[in-house]
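A short write-up of the structure that comes next.
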Amino acid sequence: MARLDREALEKYEEAGLIASKVRDRMERIVREGMKIIEICEEAEDAIRRLGGKPAFPCNVSINEVAAHYTSPPGDERVIPERSVVKIDVGVQIDGYIADTAVTVCFNPEYEEMVQTSQIALEAAIRLLRPGLLISELGSRVQNAIESRGFKPVSNLTGHQIGRYLIHAGKSLPNVSHVSLRKIREGEVYAIEPFVTTRRAEGRVKEGREAHIFRLMKTRGFKRKESRELLRYIRNNFRTLPFAKRWLERSGLMYESAFGDLLGSRCIMAYPVFVEASGEWVVQSEHTVYIDKEGPVVLT
Ligand code: MN
Ligand code: MN
């Protein structure tokens with residue numbers, strides 16, 4: 001792939017700036033006992049105030065939940081005491097996406113684990129350059145994590161980013177693996193080591209809940225409500241993930257139409273990811289542009 005054109009890169013940079021501001025703001029304001037829905041909505045509102053759009057619902061994933069929790073409408077849950085809280089925000093400008101996450105630690109026992117995810121992230125970024133073998137990156141991340149006495153989550157990966165696509169093309173495993181794929185100039189990646197305890201299984205499985213959705217295909221429906229909801233989703237979110245909370249702004253009666261769309265597989269649900277042995281997980285994430293000279297951190 002050729003270098004990104006000027007305009008695309010500027011949009012990535014703007015999305016990255018907004019995402020980093022919102023991530024830092026959320027890191028400052030999150031407290032034990034705070035309602036999770038307030039965190040999600042504040043993050044998403046802050047993105048809009050700054051001139052971006054959320055690229056996906058703000059994820060607030062706690063303790064053994066590694067990723068993909070966002071508040072459903074009317075969520076009463078709060079941040080538990082002595083928890084670890086992953087806050088993951090995505091911003092898009094004209095489909096150009098920045099994806100970044102931080103772990104807020106209310107439990108001193110997990111501070112070293114959080115530091116380890118930051119160190120692993122920094123080590124990975126330092127290595128990034130055109131021509132780098134993706135397997136080398138995985139080995140480096142695994143080593144950074146294991147040398148500090150922790151374990152990487154083997155089935156959560158960094159990923160290439162494309163226009164209106166959060167997971168585009170290549171994946172970046174946080175463990176050593178066999179692959180001949182390389183990082184190329186002009187590509188954009190989200191780098192995100194997930195770290196857990198040494199005694200953990202070190203992989204995630206799907207949990208029972210799902211509060212994040214995305215459009216898979218369109219088709220005709222007999223019911224007008226279903227047609228209108230499908231059109232609303234397509235026009236507002238395209239192929240990007242969305243939350244049920246966001247449909248409340250549409251003014252549509254979406255509840256039964258939503259069932260129609262799910263049942264016909266026009267939309268799919270992303271279940272939460274939970275560490276398979278119930279151990280806690282932390283995460284750090286930046287979005288990086290691969291310049292000829294090396295990595296440019298956008299977030
Ligand atoms: Mn993310
Ligand atoms: Mn990501």
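Remark on TYR164: its backbone amide H falls under 5 Å from those of TYR96, ILE97, a criterion applied only to residues 5 or more positions apart or on other chains, H modelled at 1.01 Å from N. Go through GLN115, VAL281, LEU298 and say which Cα lies farthest out towards the positive end of the charge dipole of the chain; charges sit on Cβ, +1 for Lys and Arg, -1 for Asp and Glu. Positive-end residue among those listed: LEU298.
Once the chain from THR218 to GLU112 is taken as fully extended at 0.36 nm per residue, the excess over their C-alpha distance is 33.5 nm.
Rounded to the nearest Hz, the phi-derived 3J(HN,Hα) couplings of the range 244-257 under the Karplus curve 6.51 cos²θ - 1.76 cosθ + 1.60 (θ = phi - 60°) are 4, 3, 6, 7, 5, 6, 6, x, 7, 7, 9, 4, 6, 4, where x marks glycine and proline.
Here the range 164-299 is assigned +1 on the Cβ of each Lys and Arg and -1 on the Cβ of each Asp and Glu. Its dipole about the Cα centre then comes out at about 740 debye.
Rounded to the nearest 0.05, what FRET efficiency do HIS177 and ARG231 have when you use their Cβ-Cβ distance and R0 = 30 Å? Taking R0 as 30 Å, the efficiency between HIS177 and ARG231 is 0.10.
Across the range 261-267, computed HN-Hα scalar couplings (Karplus, 6.51 cos²θ - 1.76 cosθ + 1.60, θ = phi - 60°) run 5, 5, x, 8, 6, 6, 10 Hz from first to last residue, x flagging Gly and Pro.
Taking the convex hull of the alpha carbon positions in the chain and averaging its projected area over all directions gives 15.2 nm².
Considering only THR239, THR100, THR196, the mean-square fluctuation computed in a Gaussian network model of the chain, springs between alpha carbons under 10 angstrom, is largest for THR239. For GLY207, the residues 5 or more places off, or on other chains, whose built amide H falls under 5 Å of its own are VAL272, PHE273, VAL274. Distance between the modelled labels on ALA168 and GLU122, one decimal in nanometres: 3.0 nm (7 Å Cα→Cβ projection). Here is the short version for the chain: CYS105, CYS266 have no other Cys C-beta closer than 4.7 Å. In the structure displayed, which of LYS21/LYS151; LYS205/LYS244; LYS86/LYS182 lie more than 27 Å apart, Cα to Cα? Pairs exceeding 27 Å: LYS21/LYS151; LYS86/LYS182. Against the main long axis of the alpha-carbon atoms of the chain, helix 6-29 sits at an angle near 90°. Per-residue extension of 0.36 nm, minus the Cα-Cα distance of GLU209 and GLU248, leaves a gain of 12.1 nm for this segment.
Given R0 = 51 Å, the distance between the Cβ atoms of SER264 and ARG25 translates into a calculated FRET efficiency of 0.85.
Every number here is computed from the coordinates shown, using simple stated rules; none is lab data. It should be emphasised that the depicted structure is a prediction, and the values quoted were computed from it without experimental measurement. Quick reminder, even Gly has a Cβ in these numbers, built from the backbone with ideal geometry, and neighbours come from all protein chains shown.
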